[in-house]
Structures are given as C-alpha cells and as structure tokens.
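Trainee: I have a structure here, written as structure tokens, and I will follow up with some questions on it.
The values are calculated or read from the model by the stated rules, or taken from the named source; none is laboratory data. On a predicted model such as this, the values are computed, not experimentally measured, just so you know. Here the Cβ is made from the backbone with ideal geometry for all residues, glycine too, and neighbour counts use every protein chain on show.
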DNA sequence: GTATCTGCAAATTATTTGCCGTATT
DNA sequence: AATACGGCAAATAATTTGCAGATAC
C-alpha cells in the first residue's frame, strides 16, 4: 500500500505525517487516480465528512508532487489535475472532445517504443530529456460509435 | 502577408476589421510568434504606444483562436500562450528547464513521421484524432554545454 | 517543548463580463 | 442607422499566503 511509502518518505525529509496528508493521498488511491483537480479532492473529502481545508488540500498536493507521488497535468481547462505516479507505466492521454473522458494510453497502446528512436535523435543533438508529455484530442471509440448510430 | 487574410476571414463571418484586431495579429507576426501570453501582447502594444485595452487583447486573441490564426498552448505555468498557426508545419515543443526557452521541433526534427504509424494504430481501434500535442522538458543543448563548462 | 502543520480569511493572478459610449459597415 | 466593438472597472475562478492556534515528534 502506498500510504506507508508516504510515511517513510516524509520522515526521510523531516516532514510530518498528518491525518490530512494521509487522507489526501488516499483520495487518489481510492479513486484510482482519476485525474482529479484540487477542488475535486476537497469535495471528495467533504462528502466523506473528512475535514481538510482547501488550503491544506492545495499544500498537500504540492507536497505530493514534490515527493514524486503525484504528477501534475494540464488539459487546457483552467485547472491543474493530478495522477498517481505509476513508476512502471509511462503513458499518454487521449481526451475525448465529445464525452470529456480522459483515456490513458499504456501497455499495448503505449507510445514509448515509437518515441524511443526519436528521443535518441534529440539526445544526439544535445537535448537532455527529462519528461515527455504526449496528448491526443478527438473522439473516443465509444462516442464515435454512438455518432454513427445517430446518422443512420 | 497575414493581415489581409484576417480582413477577409472577418468579413466572411460578419465580424468587423478594427485597428485593434490588426494590431494584435501584428504582434504575433512581428515577434515571430514567440509563444506570447495575453499579458505580454498587451505590454508589447503599450511599449509601441499602441492603445489597446487588456480586455480587448483577451477578446481578440480568443477570436483569432476561433478563426484559426492562433493556437492556444499551455506550458505548466498559470498562463495560456499562443502561437501563429503555421499550416504547413506541425511541430512539437521542447522547454528548457534551465533557461526557459521554448524550442519548436520541426522540419528535420519533426516527430510527425514517428507518430504516424502510432496514430494509425489508434485510429484502427476507433479513436478519431483531431489534435496531437507533444512536449518535452529537459536541458537544451546550449545550457547543457554551459553546465559542462562549469564542471571543468 | 518546539518546529511544523492546519484552518481561516484575505490576497494574488489570470481571465471574463456588464455596461455604455464609439466606430465600422 | 444599425450593430458590432472597445474601454473601463468590477466580477470570477483557481490558487497562494499570512498569521495564530493546534499537533506531531
């Protein structure tokens, strides 16, 4: 489980483990890391009658990013979203312009292999690459199917 | 020149051509489309003693995006940035974590070919792709060279 | 016990909007 | 002349910050 990792990581950096920090991390674990924004995390905790102030949610999320538990994302809205950093699976995102769903393209749909040779090319030219961010937008298979249904 | 295209495009959609709209578009043409944010466009015009209010800058930029003259970008700051849509050259971005410069990876550095087969794969699975957004972060060749210099 | 953390409310930043006078067609 | 547009100032939305009391270690 992840919460113990947090406990350990905090201790190492002389931060303190608090109920609030545990709760915020748990939100991401419980929701299966559904690209939540800070406001959504706050609401989720309110619903569970768990008292964490909004300021603390923001501060804790920042901390979790700093410690490498969360990755900060942007999808062209006015909000930052976050996902659990899953060390062994890099992925890209597909955002459906119709239903808004964010798909994670990984495993057999991973773009990693495809990009690998390209990244080598950049590195040969002196670019040192720390992060790759690949996003697609369009219509997802589900919505595309529905749309076809309507046409007929 | 692009300003005439704007004039034409506006007429077609029964929008009006105004000095402010011309000025805002010109900023992007004159600065070689350096990924400016709205605030920067506003400042640029102030310096040139061209009077355009901030609200108009925002509204005009939105319009230019809607008309397809500008593309809206996000680089994990709290600001939207914009670039001229250059029809015949899709490109990705490399953001240097050291100097902050944003590089456009195009022409011989274009990732288009590499991604092409991958996109076909997605489309075979029913995804309809309208937009691809690929970004890298790391250290650019210039900064990498400098850093090496310091080490010695 | 002490330094870190939290909650609250106020501040900040980027962007949007309402309203009314102005300019384009 | 009619309608779209621009400027201003106020409104909004997301996030950040200062401070005083609470809590982890």
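Trainee: Restricting attention to the range B:54-65, and to residues there that are surrounded by fewer than 16 Cβ atoms within 10 Å (Cβ to Cβ) and within 11 Å of DNA strand D (Cβ to nearest atom), which single residue is nearest to the chain's Cα centre (by Cα)?
Mentor: B:62
Trainee: Please verify whether the range B:79-89 includes one or more residues that are away from DNA strand D (no atom under 14 Å from the Cβ), within 14 Å of another protein chain (Cβ to nearest Cβ) and buried (at least 18 other Cβ atoms within 10 Å of the Cβ).
Mentor: Yes, there is a match, as at least one residue in the range B:79-89 is away from DNA strand D (no atom under 14 Å from the Cβ), within 14 Å of another protein chain (Cβ to nearest Cβ) and buried (at least 18 other Cβ atoms within 10 Å of the Cβ).
Trainee: So which of B:120, B:73 ends up being more than 16 Å from DNA strand D (Cβ to nearest atom), modelled with pLDDT of 95 or more and not assigned by TED's automatic domain parsing to the domain that holds residue B:33?
Mentor: B:120
Trainee: Provide a single number: the residues in the range A:100-124 that are in contact (Cβ under 8 Å) with a residue 24 or more places away in the chain and more than 9 Å from chain B (Cβ to nearest Cβ).
Mentor: Total satisfying the criteria: 2.
Trainee: Condition first: within 21 Å of the chain's Cα centre (by Cα), surrounded by 13 or more Cβ atoms within 10 Å (Cβ to Cβ) and farther than 15 Å from residue A:116 by Cα. Now tell me which residues in the range B:102-124 satisfy that.
Mentor: Answer for the range B:102-124, where residues must be within 21 Å of the chain's Cα centre (by Cα), surrounded by 13 or more Cβ atoms within 10 Å (Cβ to Cβ) and farther than 15 Å from residue A:116 by Cα: B:102, B:103, B:104, B:105, B:106.
Trainee: Another question, if that's okay. Just to check your reading of the model, which residue among B:143, B:99 is in contact with a helix residue (DSSP H, G or I) (Cβ under 8 Å, 6 or more places away or on another chain) and not assigned by TED's automatic domain parsing to the domain that holds residue B:33?
Mentor: After ruling out the rest, the residue left standing is B:99.
Trainee: Could you grab me the full set of residues in the range A:125-152 that are under 15 Å from residue B:111 (Cα atoms) and either more than 7 Å from chain B (Cβ to nearest Cβ) or more than 25 Å from the chain's Cα centre (by Cα) (or both)?
Mentor: Selection gives A:125, A:127.
Trainee: Identify, from the list B:67, B:29, B:45, the residue that is more than 16 Å from DNA strand C (Cβ to nearest atom), more than 14 Å from chain A (Cβ to nearest Cβ), more than 28 Å from residue A:82 (Cα to Cα) and at pLDDT 95 or above.
Mentor: B:29
Trainee: Scan (1) out of contact with any helix residue (DSSP H, G or I) (no Cβ under 8 Å at 6 or more places or on another chain); (2) assigned to a helix (DSSP H, G or I); (3) more than 14 Å from every other protein chain (Cβ to nearest Cβ) for the single condition residue A:62 breaks and write down its number.
Mentor: Among (1) out of contact with any helix residue (DSSP H, G or I) (no Cβ under 8 Å at 6 or more places or on another chain); (2) assigned to a helix (DSSP H, G or I); (3) more than 14 Å from every other protein chain (Cβ to nearest Cβ), residue A:62 violates only (3).
Trainee: Of all the residues that make up the range B:13-53, how many are within 12 Å of DNA strand D (Cβ to nearest atom), assigned to a helix (DSSP H, G or I) and surrounded by fewer than 13 Cβ atoms within 10 Å (Cβ to Cβ)?
Mentor: 2
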